[in-house]
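I have placed the structure first, in the form of structure tokens, so that the comments after it can refer back to it.
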Amino acid sequence: MKILVIGKGGREHALALAASQSKLCDQLYCAPGNPGMAKIGKLVNIDDSKIDELAEFAQNEGIDLTIVGPENALADGIVDAFESRGLKIFGPTKAAAQVEASKDFAKGLMKKYNIPTADYQTFDNFEDAKAFVLEKGAPIVIKENGLKAGKGVTVATDLDMALEALNIAFEIEGNSVVIEEYLEGFEFSLIALVHGENVYPLECAQDHKRVGDGDTGPNTGGMGSYSPVRAITQDLVDTAMESIMKPMAKALCEEGCPFTGFLYGGLMVTKRGIEVIEFNCRFGDPEAEVILCRLTSDFVQNILDVMEDKTPELTWTSKTSHGVVLASTGYPASSTKNAPITGVEDVDGLVYHMGTKMEDDTLLTNGGRVLMVVSLADQLEEAMAHTYAEVEKVKCDKLFYRHDIGRKDLKNA
């Protein structure tokens, strides 16, 4: 088979690596890809926002299966464009991708179909939003409504922080916010392969969203993750599937926009039970990097089975994966580009490229999150120690990372 992976970040690197290891994969293309993906597939110089060009390439090249990484392409209708040409593509339609593209849409569905989540209200102007925040008090959660690459969320611990988040949000013309009740508990990510009402869970992971050690600082796209999560028992996964993941897939069918692809549930175990923090319409990043490296079954075959209404035979290594993101100075507010990186080839483990580029045979930073180093070991303690030892081999004076990815799990064990 000829397989095309759309995107250029760490998630897409993980998707491409898993696809390349399939016995069904004869040729792998990555559009536009990154320097890490260039080692496992052929890069196609078409940006992931150029939907018509990508569809034309897939048709002309005879691509048998396309796997989509980035949410922007999905929200812009890449699946609709490919399917209109009779091309096989794994991802949700533009209508189904609203589960991430519009937080108000997702919250409305959860309310309508009794899927447990925080109480909320949506506002399209500053004054009403401010009045609501002053009435409810802090802590409170402010979420900008559209796609924000995993950011655009403020967990406001005081009213000043909440009002500042509202000011920032409403500086953008036409913006709206979802204001939610603050939930407290243990977070985890549950991602499933979905086709209509058929939902098949992958292994759990835990993302670390805050930029600083000890879960301090602003939210990011994710600073590291690990899998499996010892605190999440099979009973909790079963409960999440029956009360959240399957009901959401069914709700999307009921609303006339059935979902195909990776349905991401950002979940929290609270005193009321498991509740939804957010849904995404694609694989998580950095979850993809630690989940897919544990998959021992054929990734492409699993996807094809799901699309053909067959039950996929998902198998996993018992090993624990642990990954740390190296981000560029200024992230998440800004990023540092064109800083040289050395030592990547010396790393004993998996290195996923998130925001890099090559110029004159030199690897350079090219984004907020730049690289992710991932280790596999029998226990989390071993994996964590190995990851942090290997991270030290990457040399760049414009990179930083968190030093406590997974440490909370060890304390709770």
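Every number here is computed from the coordinates shown, using simple stated rules; none is lab data. These figures come from a predicted structure and were not determined experimentally. Cβ: placed from backbone, ideal geometry, glycine included. Neighbour counts: every protein chain shown.
Residue-normalised convex hull volume from the C-alpha trace of the range 325-377: 69 Å³ per residue.
If the segment from residue 234 to residue 378 were pulled out straight at 0.36 nm per residue, it would be longer than the present Cα-Cα gap by 49.9 nm. Other residues whose C-beta falls under 15 angstrom from the C-beta of residue 274 contribute a net charge of -4, scoring Lys and Arg +1 and Asp and Glu -1. DSSP finds beta bridges in the chain, and of those with both partners inside it, around 80 percent are antiparallel.
Restricting the calculation to Cα atoms, every distinct pair contributes to the Kirkwood radius of the range 320-412, found to be 13.5 Å. A straight line joining the Cα centroids of the range 356-413 and the range 36-59 runs 27 Å. Grab the beta carbon distance between residue 272 and residue 360, set R0 = 60 Å, and tell me the FRET efficiency rounded to 0.05. Working from the Cβ atoms, E equals 0.60. As a calculated quantity, the FRET efficiency between residue 408 and residue 52 at R0 = 51 Å, using C-beta atoms, amounts to about 0.65. With bins 10 Å wide beginning at 0, the percent of Cα pairs of the range 254-381 falling in each bin runs 10, 27, 34, 22, 6, 0.
Neighbours of residue 366 by Cβ distance under 11 Å: Lys/Arg scored +1, Asp/Glu scored -1, total +3.
Local charge for residue 392 was computed over the other residues whose Cβ lies under 12 Å away, with Lys and Arg +1 and Asp and Glu -1, and equals -1. Label separation (residue 24 vs residue 385): 4.0 nm, computed from points 7 Å beyond Cα along the C-beta direction. Note on residue 338/residue 184: beta-carbon distance plugged into 1/(1 + (r/R0)^6) with R0 of 30 Å gives a FRET efficiency of 0.15. Expressed per residue, the C-alpha convex hull volume of the range 186-307 stands at 114 Å³.
Pairwise Cα separations in the range 199-257 fall into 5 Å bins from 0 onward with the following percentages, short to long: 4, 16, 17, 15, 16, 17, 11, 3, 1. Taken one residue at a time, the phi angles of the range 165-170 give Karplus couplings (6.51, -1.76, 1.60, θ = phi - 60°) of 4, 5, 4, 5, 4, 8 Hz. Gly and Pro are set to x. In the range 2-91, the alpha-carbon atoms span a convex hull of 77 Å³ per residue.
Placing dummy labels 7 Å off each Cα toward the beta-carbon, the span from residue 308 to residue 61 is 2.3 nm. Restricting the calculation to Cα atoms, every distinct pair contributes to the Kirkwood radius of the range 32-183, found to be 17.7 Å.
Close amide H pairs (under 5 Å, H built 1.01 Å from N) link residue 30 with 5, 42, 43, 44, residues at least 5 positions away or on another chain.
Normalised size of the chain, defined as Cα radius of gyration per 2.2 N^0.38 Å with N residues, equals 0.94.
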